[in-house]
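The values are calculated or read from the model by the stated rules, or taken from the named source; none is laboratory data. These figures come from a predicted structure and were not determined experimentally. Cβ placement follows ideal geometry from the backbone for every residue including glycine, while neighbour counts extend to all protein chains displayed. Surface accessibility is based on the protein's heavy atoms, side chains included, excluding ligands, DNA and RNA. Shrake-Rupley method; radii C 1.70, N 1.55, O 1.52, S 1.80 Å.
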Amino acid sequence: MALIRTSTGEDRRELSGWECLSTTAGAHTDPSGLAGTPGWIPAVVPGTLATSLKVVGPVAGAFDQQDHWYRTRLDAPLEGQLVFEGLATLCDIFINGEKRAQSVSMFEPVALDVDLASGTEIALCFRALAPKLAAAPRRSRWRPAMVQPNGLRCFRTTALGSMPGWCPEGRPIGPYRPILGVTRKGDALSSLNCLACDVRTRVEGETGIVSLRFTLKSGETHSGVAHCGEASGALRTVAPDVLEGEVIVPDVRLWFPHTHGEPALYPLALDIAGTRFDLGKIGFRTLQVDRGADGKGFGLILNGVPVFCRGASWTNAEVSALPCGRAAYARWLTLAKEAGMNMLRVSGVMTYESEAFFDLCDELGIMVWQDMMLANFDYPQADEGFLAAIRAEVETLLDRAQTSPSLVVLCGGSEVFQQAAMLGAPREVWSGPVFETVLPETVAKLRPDIAYVPNSPSGGALPFIANEGVTHYYGVGAYMRDLDDARRAGVRFAAECLAFANVPEEASLGHGAPPAILHHPDWKRGVPRDAGASWDFDDVRDHYLERLYGVSALHLRRDDPERYFARARAVVAEVMEASFAEWRRPASPTRGALVWFLQDLAPGAGWGVIASDGEPKSGWYALKRAFRPVQLAMTDEGVNGLALHVLNERAEPLAATLSFTAWRDGATPVVSAARDLMLAPRTDLTIPAFEMLDAFFDLTYAYRFGPPGHSATSARLSNSVTGETLAEAFHFPQGRGNARETLGLSATLVGENGECFLDIATTRFAQSVHLVDENWRASDNWFHLAPGGVKRVKLVARACREKHAPAGEVRAVNGLDAARYGG
């Protein structure tokens, strides 16, 4: 049923006044014995037990050994429904001491019809999960190391808190979603009368059409009107309890991801028997899956436009609390959009997010790839009860997100097929009825306008190979392959990629937690590692630091820790930009790539490109440049020289000037060329640099006729009319090097229209230029800067720091000097 947001025929209120108490597992079958028990404390609802106790980590990990009781009393009568939006995980529900229901899935809401007096006690008992896990069936065809223990496969709960090596300990426990009392206003029609509300959108030419079917419980005959934006349509009774109708929206504005157009939305509401039902906002779009010329790829076409999907895997805004409100999501989703991300994947090791998450993605133009919460395990797919639970789970998910245009992919889960294949299970058991029948049938029934992917990864001769279907690509990254493997692997769509231990900015490390000492135990606790591996993701990052800069990471962090951290941040940015340059070039087979983790789960050098305190890291800035809708990329084609790739994903034509310069010793221009371009909307092209130069110059140092003639090449795409820089790209034919010199950096503060900017210039080529400012961050950071021009970056005040004037330093990783500003 499509989610009814509000109804004028009812009142909704969250139950308050909760308190909680932990007891020995199994000590109380009902709340009668707890009446005079001391130790009750105020509880945060919605929230987890860890939220109420303000603890995380190993202490929270012990919660599974106990029962946890919550209770409150109604402060007013409640005649209608008592709705529990989310209970983690095994929960008995008591009303005045009588057990009325049991929840066995944290992903399924529970609704009880009630008629209760003021003062009625509502009690919840979250039963200890550890004894249940110990008693779970032990036999399975494979046992993943990443998620522990194996018994979790029998329970519908999140993998969060159960992944040693990269996730804080402690499974979520408690009423982590709202608990609501819903009452009807007199005899008015309300959602309590509604059995089902089905909403479908389609596009025919320039017209958007909303089809509605409203089914009542009462069997009464009513008529009504549906409103979509400025358009309306009649709802007529087609059976004693069913109303149907359509709304025709002429000259419809289509919903696009923000990188390709406007995420247009229309308010939708129904007026039936004097009651207004608000169904939120809807969008109109079309979607097709592009398998490529060979039928083996995966990509999305929205509204007839091929879309390169780029973004990250979403991690919950606060893993210990699982907040679900708009405010909790907005900060992170706004940063995702600012970085140019047009897709977020909610992976199978997380939790389902609330409707506020989808609302914001709808508004911001961010597509959602939604995994089922199924990951790695050999699930009991022969159990009819398990199949029924998954069917109910996916129906709840798709019903609640039925009107959301941002939901574009429903995936069966994460690494189930991969684990089976890698651990030697025969091919015939990799999948099963959940992935082959239950999920695709439900998608076809409830959301035929989205793509279905059986599992991530899947689609190739082996589930995880890169050049067919959907992959988790870690060739560049954990497998420490050279950067050119990003092209050699023939990636079609990477639902995960580019995982590094991303070092937070100095502003995040300044408070000392964790300490900026690489081998301090507290630092290492924040660094991800695969269970059982002899290495961690610090080692992965350091591998590329040594390859790109030709320096020993061990010696650098011992002899000059500050310089080491600067290089560690810079190298992540370099690798990410280089990889996406390969994947987005016109000849690439890649149709999408999602970096593994948007935000960190805990303080430290986690996989996230945003630190747990909300501060963007170097990788975030790199992705912001790599994800530009109007983009310039440069790739090394060996003896064929440099290739310049220009992309215009916008709906408008692009008039631009493309230019490049080769620099000797970082200061002297050796050769340069320029060309005016006119790109049609949503087109791209590749131009060989030799073609623009119309002469030989060893731009890639592939021919090696004598010593190299230059150390770097910079390319610029600018607006032909205004001269504004649209995008830049850089190439280092001999690598980035480890030498440092005086660069002549300068930084000038500029105020304009009430905003603050920094004009940065250099007399010699500056690598990985970055700002260090306690109170303000830059709109761009960790960028290269060629001599002869001025780069203006906007300064953004950090939260609660607006009263402090900008004051800091501009540094470069190859510079001996720094430029101070402010202060």
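Descriptive notes on the structure:
- Summed side-chain charge close to residue 249 - residues other than residue 249 whose Cβ falls under 12 Å, Lys, Arg +1, Asp, Glu -1: -3
- Looking at the range 283-405, the accessible area is 26 square angstrom per residue; that uses a 1.4 Å probe and ignores ligands, DNA and RNA.
- Cα extents of the chain along the three principal axes, largest first (Å): 88, 62, 61
- Exposure of residue 800 as accessible area (Å², to 10), given a probe of 1.4 Å and all protein chains: 120 Å²
- For the range 363-514: Kirkwood Rh in Å [reciprocal of mean 1/r, alpha carbons]: 17.4 Å
- Between the range 749-805 and the range 224-248, the C-alpha centres lie 54 angstrom from each other.
- Cα-Cα over 18 Å, subset of 337/617; 337/803; 617/803: 337/803; 617/803
- In terms of accessible area, using a 1.4 Å probe and ignoring ligands and nucleic acids, 692, 678 rank largest first as 678, 692.
- Accessible area (Å², 1.4 Å probe, nearest 10) - residue 4: 10 Å²
- Tensor-based shape of the range 148-265 (alpha-carbon gyration tensor, a/c under 1.5 rounded, otherwise prolate or oblate): oblate
- Candidate lysines for bridging to residue 54, where Cα separation is under 25 Å - those fewer than 8 sequence places away on the same chain excluded: 524
- Cross-link reach list, lysines versus residue 445, counting only Cα pairs under 27 Å and skipping chain neighbours closer than eight places: 217, 281, 296
- Local net charge near residue 662, Cβ-Cβ under 15 Å (Lys/Arg +1, Asp/Glu -1): -2
- Amide N proximity, the range 481-521 versus residue 774 label position 7 Å along Cα-to-Cβ, cut-off under 12 Å: 507, 510-511
- Spin-label model, residue 820/residue 27: points 7 Å from Cα along the beta carbon direction are separated by 6.1 nm.
- Ligands, DNA and RNA left out, the accessible area of the chain computed with a 1.4 Å probe is 51% carbon and sulfur.
- Within the full protein context, the accessible area of residue 18 is estimated at about 10 Å² for a probe radius of 1.4 Å.
- Mean ellipticity per residue at 222 nm, deg cm²/dmol - from DSSP H runs of n ≥ 4 across the chain, formula -39500 (n - 2.57): -5000 deg cm²/dmol
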